[in-house]
1. Whole-Hz ³J(HN,Hα) for each residue in the stretch 73-86, computed from phi via Karplus 6.51 cos²θ - 1.76 cosθ + 1.60 with θ = phi - 60°, x for glycine and proline: what do you get?
2. For the stretch 27-93, what is the per residue volume of the convex hull drawn over the alpha-carbon atoms, in cubic angstrom?
3. Where does the charge balance sit around Tyr75 when Lys and Arg score +1, Asp and Glu -1, over other residues with C-beta under 13 Å from its C-beta?
Amino acid sequence: MDRYSLAPLILDSNKKRRIQGTLIFPNTPKNPNDIYVITAIGDRLDSIAEIYYNNVTLWWVIAFANPDIEIDSLYLEPGTQLRIPSVDSLNIDLLKNTIKSLNTNR
C-alpha cells in the first residue's frame with residue numbers, strides 16, 4: 001500500500017481535476033513490546049521500517065504511531081524519540097482495513 005492508495009479522490013474547486021483528499025488514520029495502540037528509538041542524523045522513516053519490519057513500504061506505520069511528531073518528509077530530525085509498534089502485535093491487513101473503513105463515504 002502506498003500512502004495515497006486509500007485516500008479519497010475529490011474534485012478541485014473548478015471541478016476539472018481530481019485531487020487526493022486527506023486520510024484519517026486510527027490510533028496505534030501502545031504495546032509493552034513496542035520499541036523506542038532516538039533518531040540520528042540521516043535517519044529516515046523508510047530506513048527505520050526496513051530495520052524493524054524488513055519492509056521499507058511500512059514507514060507509514062511508524063509515522064502514524066507517532067502523531068505528535070511533525071513529519072513532512074521521510075527524513076527525521078536528529079534526537080527525535082520514535083515509538084516503533086511491536087512487530088508481534090502489528091496486523092497490517094487489519095490496519096489497512098480499518099483505514100479503509102474510516103475513509104469510505106466521507
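1. With the stated coefficients, the stretch 73-86 comes to 7, 6, 6, 10, 5, x, x, 7, 8, 10, 9, 9, x, 4 Hz.
2. Per residue, the Cα convex hull of the stretch 27-93 comes to 85 Å³.
3. Details: positive: Arg44; negative: Asp43, Asp46, Glu70, Asp72, Glu77.
Once all neighbours under 13 Å are counted, the net charge is -4.
Each value in this text was obtained by applying a stated rule to the coordinates, not by laboratory testing. From a predicted model like this one, the values you see are computed outputs, not experimental measurements. Cβ atoms come from the backbone with ideal geometry, glycine included; neighbour counts cover every protein chain shown.
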